[in-house]
1. Is there a residue being free of Cβ contacts under 8 Å to residues at least 12 places away in the same chain, under 14 Å from the mean Cα position of the chain (by Cα) and either in a loop (DSSP other than H, G, I, E, B) or surrounded by fewer than 21 Cβ atoms within 10 Å (Cβ to Cβ) (or both) anywhere in the range 23-30?
2. Among the numbered criteria (1) surrounded by fewer than 18 Cβ atoms within 10 Å (Cβ to Cβ); (2) among the aromatic types (Phe, Trp, Tyr); (3) in contact (Cβ under 8 Å) with a residue 60 or more places away in the chain, which single criterion is violated by Tyr201?
3. Can you tell me which of (1) surrounded by 13 or more Cβ atoms within 10 Å (Cβ to Cβ); (2) among the charged types (D, E, K, R); (3) out of contact with any helix residue (DSSP H, G or I) (no Cβ under 9 Å at 6 or more places or on another chain); (4) modelled with pLDDT of 95 or more is the one Glu64 doesn't meet?
4. I'd like the full set of residues that are of a type outside the set (Phe, Trp, Tyr), crowded, with 20+ Cβ neighbours inside 10 Å and touching a residue at least 60 places away in the same chain (Cβ under 8 Å), limited to the range 180-195.
5. Considering only residues that are buried (at least 16 other Cβ atoms within 10 Å of the Cβ) and touching a residue at least 24 places away in the same chain (Cβ under 8 Å), which ones fall in the range 157-170?
6. State all residues of the range 102-111 that are in contact with a Lys or Arg (Cβ under 6 Å, 6 or more places away or on another chain) and within 20 Å of Thr73 (Cα to Cα); if no residue qualifies, say none.
Amino acid sequence: MIARLAGLFVLLAVPAQAQVVGDDAELVQVRPGPKRHFNGDQYDGPGKVRAAYVVAGDRLVAGEVRGKYRLVTFVPAGGGRHTTGWIESAALTRVSLPRATPASWIGDWTGWYADIAIARGARRGVLKASGEATYGMHDKDRVARGAINFGSFDGEAQPSGDRILFSDELCTVSLRLLGTYLLATDNGNCGGLNVSFSGVYRR
């Protein structure tokens with residue numbers, strides 16, 4: 001962040017946003033016990049206890065660790081609004097994942113701002129994917145003004161274990177299968193301003 005002070009521009013250090021979608025992401029399950037409330041958010045770190053919570057048996061995507069807390073994201077089955085925050089690591093246990101097969105990928109995956117459909121391709125072992133993403137669709141004011149940005153991609157590729165990469169002209173989308181979740185990251189060239197496929201999805 002750059003601030004102007006007495007005619008001078010000063011570079012201010014801004015804490016990096018914590019990430020739950022990354023190479024270190026794991027599938028975890030809430031241990032038996034009381035319901036676990038989310039703390040803080042990915043922008044400011046652990047903090048105020050929130051009303052949102054998970055219960056024993058819920059499965060979450062877990063990322064960065066800070067002190068006794070771990071950043072997690074929960075998405076309900078079928079997709080929908082994400083809940084991301086910090087939960088005590090002691091309340092979570094890592095889930096062992098079965099080996100991914102081509103059939104493991106197939107389905108309609110729903111995120112908060114985007115959807116990705118994956119089906120069998122024309123050739124053996126190949127998958128085809130199509131995705132549509134928006135920015136501003138959940139903002140009533142932007143919807144009223146017609147200020148919604150869009151993006152899409154289509155492609156075919158062969159998975160390598162729990163990972164697959166789709167490229168469509170300028171847009172590249174990398175997917176990772178994590179149990180009942182699908183993690184996506186893109187190259188920032190997949191549509192209009194602020195449109196992104198990066199995020200967490202469920203079927």
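The values are calculated or read from the model by the stated rules, or taken from the named source; none is laboratory data. Here the structure is a predicted model, which is why all the values come from computation and not from measurement. As a convention, Cβ positions derive from the backbone with ideal geometry for all residues, glycine included, and neighbour counts pool all protein chains shown.
1. yes
2. (1)
3. (4)
4. Leu182, Leu183, Ala184, Val195
5. Ala157, Pro159, Asp162, Ile164, Phe166
6. Once the filter is applied, which keeps residues that are in contact with a Lys or Arg (Cβ under 6 Å, 6 or more places away or on another chain) and within 20 Å of Thr73 (Cα to Cα), the range 102-111 yields only Trp109.
Residue-wise test of (1) polar (S, T, N, Q); (2) touching a residue at least 60 places away in the same chain (Cβ under 8 Å); (3) outside the structural domain of Arg31 (by TED's automatic domain parsing).
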site	(1), (2), (3)
Tyr53	no, no, no
Ala62	no, no, no
Tyr69	no, no, no
Val72	no, no, no
Gly79	no, yes, no
Ser89	yes, no, no
Gly111	no, yes, yes
Ala114	no, yes, yes
Ala117	no, no, yes
